[in-house]
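Step one of this worksheet: look at the structure below.
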Amino acid sequence: MSISLNKYKKHYRDGRKEKIREVVLVVRDDVRINQTQADSLFEVVKEALENNDQGIEFIPWHRADELAPRQMVWTHKSDANRKIIRPIVEDAIMAWK
């Protein structure tokens, strides 16, 4: 499983700048985890992020429907960083069966 937190600024022609924060989740199957387990783990972590109790509203990326299975990208406008997002993910993994 891989989680990436990205941050960049989007520049508009009128001079405005917008801070964009993304969370990327990828779960792949391999010799340690089969396809069914990878699907299950992906769903558990995805659910935990989308329904977090930190008040972070994760918005699916505008092209999320083009992603491969077990891949997801969200954007959010909060100042949540790894210190907030990592515990959400870790708790989901520890509760995964």
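Here are the numbers for this structure:
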quantity: Pairs from Lys10/Lys46; Lys77/Lys97; Lys19/Lys83; Lys7/Lys97 whose Cα-Cα separation, in the structure shown, is over 28 Å; calculated: Lys77/Lys97; Lys7/Lys97
quantity: Estimated 222 nm signal from helices in the chain, with DSSP H stretches of n ≥ 4 weighted -39500 (n - 2.57), rounded to 500; calculated: -10000 deg cm²/dmol
quantity: Whether the stretch 52-97 is rounded, prolate or oblate, judged on the alpha carbon gyration tensor where a/c under 1.5 counts as rounded; calculated: oblate
quantity: Principal-axis tilt of helix 82-95 within the chain, Cα atoms, nearest 10 degrees; calculated: 20
quantity: With Cα atoms, 0 to 90° folded angle of helix 35-50 axis to the chain main axis; calculated: 40
quantity: Inter-site label distance for Gln71 and Val26 at 7 Å from Cα along Cβ, in nm; calculated: 0.7
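Read-outs: derived from the displayed coordinates by stated rules, not from any lab. For clarity, every value in this text was computed on a predicted model and none was experimentally measured. Neighbour counts are summed over all protein chains in view; Cβ atoms, including those assigned to glycine, are modelled from backbone coordinates with ideal geometry.
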